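A quick write-up on the structure given underneath.
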Amino acid sequence: MKFVSTRSADPVGIERAIMSGTAPDGGLYVPESLPHFSVTDFDGSEGFAPIAARFLAPFFAGSSLADGLAGICTRALNFPIPLRRLPDEPAEVSVLELFHGPTAAFKDVGARFLAATMVDIIAGGIYAQPPVTVIVATSGDTGGAVAAAFHRQPGTRVIVLFPDGRVSPRQQHQLTCWGDNVISLAVRGEFDDCQRLAKAAFASDTLNAAHNLVSANSINVGRLLPQAAYYAASSLEHYRATGTASSYIVPTGNLGNGFACVWAKRMGMPIDRIRFATNDNTTIPDFLRSGKYQPRASRATLASAMDVGDPSNMERLRALCGDVDGIRDLVSAQSVDDDTIRATIQDEYQRHGIAWCPHTATGLHIYRQLSDADRASGHWIVVATAHAAKFDTIVEPLLGIRIEPPPELAALLDWPADFATIDADLAQVERLI
Ligand SMILES: *Cc1c(COP(=O)(O)O)cnc(C)c1O
């Protein structure tokens, strides 16, 4: 399978699409065409990694990674992604828990798969000479997932740029506890300064020549594809048990997770309706209502990993669906404000004794808002994007309890942290790498 840019048709192999992140014309890589599956294509495949390998095989066909794909899936997708039924509900509803990876957020899935493919591409010697240097600017979750995924991976180094004093203590620890081939830099400034520094590094010929820079940001097709795979696997799991399709509610910021769900549906998986839950950054719901796309500056909310005013993957959604009517046929979207997020975290804890993170709460609220007819019309799956313990400073005071970090997160919190603090100046980055 070849990949093309959303802006022009100059096909490249999946190795190049993964190693370059964005296309040279500024567009995003998408597969030339989408494969189509029926549920029986997965007969004989059990468990997430084997189902993902089957689902992703057409994208890797003809590439240098085709033979190794099953191994990549086994190595990268090695933690559980349970579809948990909410007990004692009048209608059928499940939560897809994507947060059982090393940094307790769904970004582990994409980051680990991306790292595994990059390591094999580098070892194959086709598109990059080792060592390559992954630069990642982060406002919190992405940097930890990428650092964890590349930590001690042969032929790679990681530079994490995060805004000094603007990430939560637990997030900061996940950004700075790695050592070995991971360098963590606290940048005096905001997330935008970190992103500007990363862009300046990629634009610098001398830095590129010296370090083989590669990007691991969330628009990389190597992160999106495995995300589509968990929609394939979870919809299949429910279909095998009941013979019916599932509808999804996806907490949404940059639209990487939500768009992956759209791909899985378009590829024929048993997926019925798709709803995006946004926070008070309302660009997507406003677009679906008005038909006019108006990007904005982002606003700070409790669901901070979704604070995005101009979602990058909107470009892929528009390229796939054509006009806004095409998008409306496929998805709907609704925003949830901070007061409602707080109330939902408390309400759900009272109902089930489960503490959910603020991002997941946006999705649960939208489920509660469905009409009785909608709720009763089929199986709904609310996507849980992070463990509540990652957002302890928000969730603990609301519930008046202590939230124990899951074992994988607790282990990281015991590692010593180490980082340097720099100005938002490329020369300082250059000196430290
Ligand atoms: C990144 C993130 C999101 C938003 O996902 P997108 O793919 O950017 O839409 C939601 N929740 C959590 C916890 C995240 O880390």
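Quick note: the coordinates plus some simple rules give every number you see, no bench work behind them. As the structure is a prediction and not an experimental result, all values here were calculated from the model. Heads up, the Cβs are rebuilt from the backbone with ideal geometry, glycines too, and the neighbour counts pull from every protein chain shown.
Amide H contacts of ILE274: TYR248, SER332, each under 5 Å away and 5 or more positions distant or on a separate chain (H built 1.01 Å from N in the peptide plane; Pro and chain starts excluded). Available extension along the chain between ARG431 and LYS199 is 81.8 nm, counting 0.36 nm per residue and deducting the alpha carbon span. Taking amide H positions as modeled 1.01 Å from N, with prolines and chain starts lacking one, the residues under 5 Å from THR133 and 5 or more places away or on another chain are ARG157, LEU213, VAL214. Springs join every pair of Cα atoms under 10 Å in this Gaussian network model of the chain, and among ALA389, ALA376, ALA209 the largest mean-square fluctuation is at ALA209.
So if R0 is 35 Å, what FRET efficiency would ALA210 and SER8 give, r being the distance between their Cβ atoms, rounded to the nearest 0.05? Each step should come with its number before you reach the end.
Numbers: r = 30 Å, r/R0 = 0.86.
Here the calculated transfer efficiency is 0.70.
May I ask you to derive the FRET efficiency for LEU330 and ASP41 from their Cβ-Cβ distance with R0 = 22 Å, giving the value to the nearest 0.05? In this case the efficiency is close to 0.50.
Here the gap between ILE403 and ARG368, fully extended at 0.36 nm per residue and compared with their Cα-Cα distance, gives a gain of 10.2 nm. In the elastic network of the chain, a GNM with C-alpha springs shorter than 10 Å, the most mobile of GLY124, GLY256, GLY110 is GLY124. Projecting label points 7 angstrom from Cα along Cα→Cβ for ASP337 and SER377 puts them 2.8 nm apart.
How do the peptides 324-334, 223-233, 153-163 rank, highest first, by the average count of neighbouring beta carbon atoms within 10 Å per residue? Numbers along the way, then the final one.
On the way: 324-334: 16.5, 223-233: 25.8, 153-163: 21.8.
Per-residue mean Cβ counts within 10 Å order the peptides as 223-233, 153-163, 324-334.
For ALA91 and ARG240, what does the FRET efficiency come to when R0 = 22 Å and r is the distance between their Cβ atoms, rounded to the nearest 0.05? With R0 = 22 Å, the Cβ-Cβ based efficiency is 0.60. Taking PRO416, PRO31, PRO251 in turn, the Gaussian network model of the chain (Cα-Cα springs below 10 Å) assigns the largest fluctuation to PRO416.
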